[in-house]
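Chemist: The following block contains the structure, expressed as structure tokens.
The values are calculated or read from the model by the stated rules, or taken from the named source; none is laboratory data. Note that the structure is a prediction, hence the values are computed from the model and not measured. We place every Cβ from the backbone using ideal geometry, glycine too, and count neighbours over all the protein chains shown.
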Amino acid sequence: MNPDNYLYLSAILFTLGALGVLIRRNAIVVFMCVELMLNATNLAFVTFSRMHGALDGQVIAFFTMVVAAAEVVVGLAIIITVFRTRRSASVDDANLLKY
Amino acid sequence: MPPSTYAPAVASGAFTLTAWIVVLPLAGAAILLLGGKRTNRWGHLLGCAAAIGSFVLGAIVFFSLLGKPGDARSYDQHVYTWIPVPGFSADAGFHLDQLSITFVLLITGVGSLIHIYSVGYMAEDENRRRFFAYLNLFLAAMLVLVLADNYLLLYAGWEGVGLASYLLIGFWQHKPSAAVAAKKAFIVNRVGDVGLSLAVMLMYTTFGGFAFTDVFTKVSAADRDTVTGIGLMLLLAACGKSAQFPLQSWLGDAMEGPTPVSALIHAATMVTAGVYLIVRSSAIFNASPNARLMVTIVGAVTLMIGAVIGCAKDDIKKALAGSTMSQIGYMILAAGLGPIGYVAAIMHLLTHGFFKAGLFLGAGSVMHGMNDDVNMRHYGALRKFMPVTYVTFGLGYLAIIGVPPFSGFWSKDKIIEAAFGQGGTSGWVLGITALLGAMITAFYMTRVMLMTFFGEKRWVEDDHGHEPHPHEAPGSMGLPMIVLAFGSVFAGFLFWLGNSFQNWLEPVTGHSEGNVHVNSQVVGSAALILVLIGAGFAWQQYGAKQVPSVAPVGSLATRAARRDLYGDAFNENAIMRPGQYLTRLLVYFDLKGVDGVVNGVAAGLGGTSGRFRRAQNGFVRSYALSMFGGAAVLVAALLLVRG
């Protein structure tokens, strides 16, 4: 199978994730979209690793997963705390920190 | 003495006392100023002791000089090197000769008398100690001025007397008029001081130094125009210090100071510093007839201005101030005539020092008795109540108008003769001006005399409702008046007798008889007739008629003279107002231009960032959008570059 297709898939997934981050209001959904973007890049890393026959891309993919796992922990904790205080998971409601 | 032979010997023996003449009053001033209130009780005694001690030292030096032959009376005493810099050196040193010792004796002699007078005059003043400190400071500065052996040290003394004059005019600084008068005197003097500093600088560049030895010996080899420039700058300096046209306006206001100050500083000594400067710089003026011509013009103009102002003033001190201006005009005129007039100028300076100081002290005594009222229209008939003041003032009066054999006759006559002796048109113009001046002098002085001591009583109550009780002043005030009256009577005759004064001063200033032979009897009689006419006219105006106690409106000329011939108005409109407009323009430019740019930049930055701040709207998704946008731009840029 042509490895370019994986790259196309990765690009489509990344775009979907980016659109979700920009368009959706629910913090959980935004969060999942971020995860989607991370996984799209992971897919691209692995594909490039395969194409060039080097392991660098796969190593970086593992790093990304570790960082993503840590980020999920912190991010979810923040979302839950915000939900507890304001009874809303909308990112537009959390807009007190501004000019 | 031809200037090229100026070669003073090194001072030794009694002549090393010269420095101590200056040190004594300087120490007195330092002790009284630094000692503060602790010295209040005996401050006036210390002040008098310093002045008298200085006079005694001056007399010792004078008699030692008399013991030397006429051409060996010139000594230099090096005190210390003032400014030692490679390639430039200024020394503090004193020069002793006939001219400087004459001034030393005048300054310390009249100064001592006025110190004694002030003990009584200022007895009621709680700041008497400070007054004596300033008087001593003045003496020290004035002695530095006349004893300096170079122009830089002379300049230091010149500034010192200006400072002392400022402090003493404004001594009663709680009176706004006194504070303003002090400021005015200081500022007008500053204009003249610029002239002196320019002259010193020009001397340095032209002669390579400002010591008298450098200047006097090299002047004959210097460029004529430069020498004329130096002469004119010296004249400007003399105009400021001696209240000569066009810098004459401060002297009238300076009468706000205590009367002893008016007598010592603004009549007898400091205002004559300009005459000293010109006579001392005779080498420069001898080499420049143009500068001399300017000097005579200034002298003649001031002579008339001062006399006219003196005629119209009702304030006794201001009338005397106009007279001082006029008499110094005589001296400047004589000094400008060159070797014909130097001796006459200094001789008139000395006799004027006696009789004008005496007249001012008399005026102070009258004010003392009349509740410090200075308006002569409120005096009258005082001769019965103040006999000592009347007699001493009267002798001074006879001296100033030039009645023989009193002092003023001999000295003023010599000036008039010298003016005619110059010959040519300028000689005639100057001579006739001097003669007319003598007539006006007789008029205004007779007016002062009649309004003060004769006629009916026109006394008024003062602000507190006290009737004046004219009485003779205490002894400490009477004694100096009597001594000065002796000077007014005899000094001129003694100077004239056997040409003694001319022989004494001739080695320093040189002397020439003039280009035209003048019959001194004709000139003397003409002057005397004019004096009688002037005095008679004053009698007809103020003796035969009742003097109104409120000044009448007066003719156009009287009103102009009352306002100092519009000197102040001219200064205000020609110099002060344009200056004020200029400063206002500069302030406007500073506020709107310079500050405008600075504030504009700040406000522009503030406003712009205030608008950009709105981008921080708190919505996470808009931040994300800008991040994506930025990333997209970066990627696009990278792709474009790597193309």
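Chemist: Look at B:T446 and say whether it is closer than 12 Å to B:L333 by Cβ and either outside any helix (DSSP H, G or I) or not basic (K, R) (or both). Don't jump to the end; show me each part of the working.
Modeler: Numbers: closer than 12 Å to B:L333 by Cβ: no; either outside any helix (DSSP H, G or I) or not basic (K, R) (or both): yes.
For B:T446, the condition - closer than 12 Å to B:L333 by Cβ and either outside any helix (DSSP H, G or I) or not basic (K, R) (or both) - is not met.
Chemist: Could you check the stretch B:290-325 and list, in sequence order, the residues that are under 19 Å from B:W428 (Cα atoms), among the polar types (S, T, N, Q) and buried (at least 24 other Cβ atoms within 10 Å of the Cβ)?
Modeler: B:T296, B:T302
Chemist: Which of the following residues is surrounded by 16 or more Cβ atoms within 10 Å (Cβ to Cβ) and either away from chain B (no Cβ under 14 Å) or at pLDDT below 95 (or both): A:N39, A:N95?
Modeler: A:N39
Chemist: Still on this structure: Got a number for residues in the stretch B:588-615 being of a type in the set (K, R) and under 60 Å from the mean Cα position of the chain (by Cα)?
Modeler: Qualifying residue count for the region: 1.
Chemist: How many residues, within the stretch A:62-85, are exposed (fewer than 14 other Cβ atoms within 10 Å of the Cβ) and either within 14 Å of another protein chain (Cβ to nearest Cβ) or closer than 21 Å to A:M37 by Cβ (or both)?
Modeler: Adding up the residues that qualify gives 12.
Chemist: Looking only at the stretch B:609-634, filter to residues that are more than 15 Å from A:G17 (Cα to Cα) and aromatic (F, W, Y); which one of those is nearest to the other protein chains (Cβ to nearest Cβ)?
Modeler: Result: B:F619.
Chemist: If I ask for residues that are away from chain B (no Cβ under 14 Å) and surrounded by 14 or more Cβ atoms within 10 Å (Cβ to Cβ), which ones from the stretch A:1-27 would you list?
Modeler: Of everything in the stretch A:1-27, those that are away from chain B (no Cβ under 14 Å) and surrounded by 14 or more Cβ atoms within 10 Å (Cβ to Cβ) turn out to be A:Y6, A:L7, A:L9, A:S10, A:L13.
Chemist: Is it the case, given these coordinates, that B:D564 is touching a Gly at 6+ places or on another chain (Cβ under 9 Å) and away from chain A (no Cβ under 14 Å)?
Modeler: Yes.
Chemist: Is it true that A:S90 is surrounded by 11 or more Cβ atoms within 10 Å (Cβ to Cβ), away from chain B (no Cβ under 14 Å) and either closer than 21 Å to A:V21 by Cβ or in contact with a Gly (Cβ under 9 Å, 6 or more places away or on another chain) (or both)?
Modeler: Here the answer is no, as A:S90 does not meet what is asked.
Okay, residues lined up against (1) assigned to a helix (DSSP H, G or I); (2) of a type outside the set (V, I, T); (3) buried (at least 22 other Cβ atoms within 10 Å of the Cβ):
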residue	(1), (2), (3)
B:A92	no, yes, no
B:H95	no, yes, yes
B:L106	yes, yes, yes
B:D125	no, yes, no
